[in-house]
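Asker: A single structure is presented below for examination.
Just so you know, all these numbers are worked out from the coordinates, no wet-lab data involved. Since we're looking at a predicted model, the values are computed, not measured. When we count neighbours, we look across all protein chains shown, and the Cβ atoms used for this are built from the backbone with ideal geometry, even at glycine.
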Amino acid sequence: MSKQAEFFIYLIERYAEVKNRNTAEVLEEWEALHLRDFIYDMYEIYHVERLENAFDDIDKLISEKKQ
């Protein structure tokens, strides 16, 4: 498994934990909003900054997609 894939799994699991949600539900939401691949591709940025920054960015992306 690539480092990018490992980080994506870690990211979604921690995100779900912080949001008190099921990981599968989070993944389903990201897929429905067409964000999964974008978030996956943000590896170069997300893995070098605080995880909370990535969460804030993801929350902003979700909010913008839902508008």
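Asker: Once every DSSP H run of n ≥ 4 in the chain is given -39500 (n - 2.57) and the sum is divided by its residues, what mean residue ellipticity at 222 nm do you get, rounded to the nearest 500 deg cm²/dmol? Please list the in-between numbers first.
Answerer: Numbers: 5 runs with 52 residues, N = 67.
Taken over the chain, the calculation gives -23000 deg cm²/dmol.
Asker: Further question: Arrange the following residues from fewest to most other Cβ atoms within 10 Å of their Cβ: Lys3, Lys65.
Answerer: Lys3, Lys65
Asker: Within the chain, which whole H helices from DSSP have a Cα span along their axis of at least 18 Å and a mean Kyte-Doolittle hydropathy of -1.0 or more, if any?
Answerer: Answer set is 3-18, 51-66.
Asker: What pairs in Lys3/Lys66; Lys19/Lys65; Lys3/Lys65 have C-alpha atoms more than 23 Å from each other?
Answerer: Check vs 23 Å cut-off fails for Lys3/Lys66; Lys3/Lys65.
Asker: Within the set of other residues whose C-beta is less than 15 Å from the C-beta of His47, count the net charge using Lys and Arg as +1 and Asp and Glu as -1.
Answerer: -4
Asker: Say each of Leu33 and Phe55 gets a label point 7 Å from the Cα, pointing the same way as Cα to Cβ; how far apart are those two points in nm?
Answerer: Going from the Leu33 label point to the Phe55 one covers 1.5 nm.
Asker: Counting pairs of alpha carbon atoms under 8 Å apart in space and at least six apart in sequence, what relative contact order in percent does the chain give?
Answerer: Working: 28 pairs, mean separation 22.9, N = 67.
Over the chain, the number comes to 34 percent.
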